[in-house]
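**Q** Have a look at the structure that comes next, please.
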């Protein structure tokens, strides 16, 4: 008997991974103060990539994670199959 | 049954997914904007304590990553200036906090007067700004910004030990501005920036107010000269740079205009509001609840520089941050909320030891945000 559906686990792992990545990159940004280099137009290509990764992780944790969780809860309430759960 | 099995249930899930994507981020990012806008003391104190910790670290030019000594010197100067202005505004709005932050204001002024901070200006002019007071030569940035802080401090502490210095700098700046052919005092030799003359002009007005001479013809002449040369008649924004004859040397831009609104709002609120209206009309953009300010007016494009920061999809980082101050000073809660949501998203505030720190901002960014978030609406004070 499956107590927790596989899609729930995958969604949970994905959300936690995004949030962890966000926190790690936040710490990196705080320690390296790359934003200051960006404001001074003095950043290198790897620093630009790091900034983009940070913004992507922040975007995902602010946009995709809540949206996925809300959609998941709605699908559970309505008991909709096929949207988030494999058939 | 229809919801469970049919396409309507799927639609509900999709609506929930995309609806949350569109509305949640800006709502979540802007959830503290109301308390900032209303002047919540605990929030202001939280950020002010972070700035106080950062300026106590005895910063120098090596703490900044601008790539040149001049810009690092400017950022060092800007950090203590914005911190001092922020503390003054906080104390003005919440006099009960004077005991905690007045010593911080003194620290800022003392550091601004130190040789290591004056260096960026002295190296450009080959003379020290404070030694040059009897002459008619420039130093708009150092003297103008410093004098604004001295004027703001004088408002909340009329008997402070820098009143005499405020008198002497003001006298020199009035003379320099009145005799400048372009109506603007030079920041560096041959360089005239309207935004650097905004705090200079505001400091003259604050001084006149403090000494009971606010309604003089001198101020009216200086203000009309500033308006005539600095404001682009087609957009209402500030030109970024002027030539010796007062003709524009750069476009009318968001970063300079937004920062000028902040500097002018205490001394010249009518002029500040006019420029703010132009910023809102020509530059403000709403992206799914997040506010952004364009660096160049609609229909124009250009690159970023040390003043604007990066310009991405036309939006200026500096212009967006500086406009927070204008939105609060000019009583626009809707724009303030949207801009705060953007600042919160990019700045990533955390709460170490009960303080409030914008993680990505660094010492200068936190000091600027303190100044902008405590910019005082006149009718609430």
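**Q** Over segment A:5-76, calculate the relative contact order: mean separation of alpha carbon pairs under 8 Å at least 6 apart, over the residue count, as a percent. Write down the numbers at each step before the final one.
**A** Values: 26 pairs, mean separation 31.3, N = 72.
Averaging sequence separation for qualifying contacts and normalising by length gives 43 percent for segment A:5-76.
**Q** Using only Cα atoms and rounding to the nearest 10 degrees, what angle (0 to 90) does helix A:6-32 make with the longest principal axis of chain A?
**A** The two axes meet at around 10 degrees.
**Q** Here's something else I'd like to know. Taking the Cα centroid of segment B:263-301 and of segment B:163-220, what is the distance between the two, rounded to the nearest whole Å?
**A** Here the two parts' Cα centres lie 24 Å apart.
**Q** Which of these, B:182, B:114, B:342, has the largest mean-square fluctuation under a Gaussian network model of chain B (Cα springs below 10 Å)?
**A** B:114
**Q** Quick one: among A:38, A:65, A:16, which has the greatest mean-square fluctuation in a GNM of chain A with alpha-carbon springs under 10 angstrom?
**A** A:38
**Q** With a 10 Å Cβ neighbour count serving as the proxy for reagent exposure, in which order, fewest first, do B:124, B:42 appear?
**A** Details: B:124 20, B:42 9.
By the 10 Å Cβ count, ascending: B:42, B:124.
**Q** Scattering from the C-alpha atoms of the protein assembly as shown alone, worked out with Debye: what is log10 I(q)/I(0) at q = 0.12 1/Å?
**A** For the protein assembly as shown, the Cα-only Debye profile gives -1.01.
**Q** Simple spin-label model, 7 Å along Cα-to-Cβ: residue B:131 to residue B:8 in nm?
**A** According to this spin-label approximation, the distance is 8.4 nm.
**Q** Let me ask another. Return a whole-number percent for the relative contact order of chain B, with Cα pairs under 8 Å and 6 or more residues apart as the contact set.
**A** Result for chain B is 20 percent.
**Q** Across the residues of B:16-26, average count of Cβ atoms on other protein chains within 10 Å? Kindly include the intermediate steps, with their values, before the conclusion.
**A** Values: counts 11, 12, 2, 4, 10, 8, 2, 2, 7, 8, 1.
That works out to 6 on average.
**Q** What does the structure give for B:348-361 when I average, per residue, the other chain Cβ atoms found within 10 Å of the residue Cβ?
**A** 3
**Q** May I ask you to sort B:7, B:36 by Cβ crowding, counting other Cβ atoms within 10 Å and putting the fewest first?
**A** Least to most surrounded, the residues fall as B:7, B:36.
**Q** Select from B:57, B:176, B:31 the residue whose mean-square fluctuation is largest in a Gaussian network model of chain B (Cα-Cα springs shorter than 10 Å).
**A** B:57
**Q** Just to confirm the number: angle between the C-alpha axis of helix B:69-93 and the first principal axis of chain B, 0 to 90 degrees, nearest 10?
**A** Around 80 degrees separate the two axes.
**Q** For the Cα atoms of chain B, what angle does the longest principal axis make with the long axis of helix B:41-55, in degrees from 0 to 90, nearest 10?
**A** So the helix axis and the longest Cα principal axis differ by about 60 degrees.
**Q** Related question: Indicate the gyration tensor shape class of segment B:201-296 (rounded, prolate or oblate), computed on the Cα atoms with a ≥ b ≥ c the square roots of the eigenvalues: a/c under 1.5 is rounded; otherwise a/b larger than b/c is prolate and the rest oblate. Present the calculation step by step, with values, prior to reporting the outcome.
**A** On the way: a/c = 2.84, a/b = 1.50, b/c = 1.89.
Since a/c reaches 1.5 but b/c is at least a/b, the shape of segment B:201-296 is classed as oblate.
**Q** Same structure again: Between segment B:306-381 and segment B:145-162, how many Å separate their Cα centres?
**A** With segment B:306-381 and segment B:145-162 each reduced to a Cα centre, they are spaced 24 Å.
**Q** Also: What 222 nm value per residue comes from the helices of chain B, counting each DSSP H run with n ≥ 4 as -39,500 (n - 2.57) and dividing by all residues, nearest 500 deg cm²/dmol?
**A** Computed ellipticity for chain B at 222 nm equals -19500 deg cm²/dmol.
**Q** Sticking with this structure for a sec: Grab the DSSP H runs of chain A that are 4 residues or longer, score each as -39,500 (n - 2.57), total them, divide by all residues and round the 222 nm result to the nearest 500 deg cm²/dmol.
**A** Per the formula, -23500 deg cm²/dmol.
**Q** Averaged over peptide B:166-177, how many Cβ atoms belonging to another chain are found within 10 Å of each residue's Cβ? Provide the component values of the computation, followed by the final result.
**A** Values: counts 0, 0, 0, 0, 0, 0, 0, 0, 0, 0, 0, 0.
Taking all residues of B:166-177 together, the mean is 0.
**Q** For a footprinting-style exposure proxy, rank B:223, B:277 by other Cβ within 10 Å, fewest first.
**A** By the 10 Å Cβ count, ascending: B:277, B:223.
Each value in this text was obtained by applying a stated rule to the coordinates, not by laboratory testing. Since the model is a prediction, treat every value here as computed from it, not as a measurement. Reconstructed Cβ throughout: ideal geometry from the backbone, glycine too, with neighbour counts over all protein chains shown.
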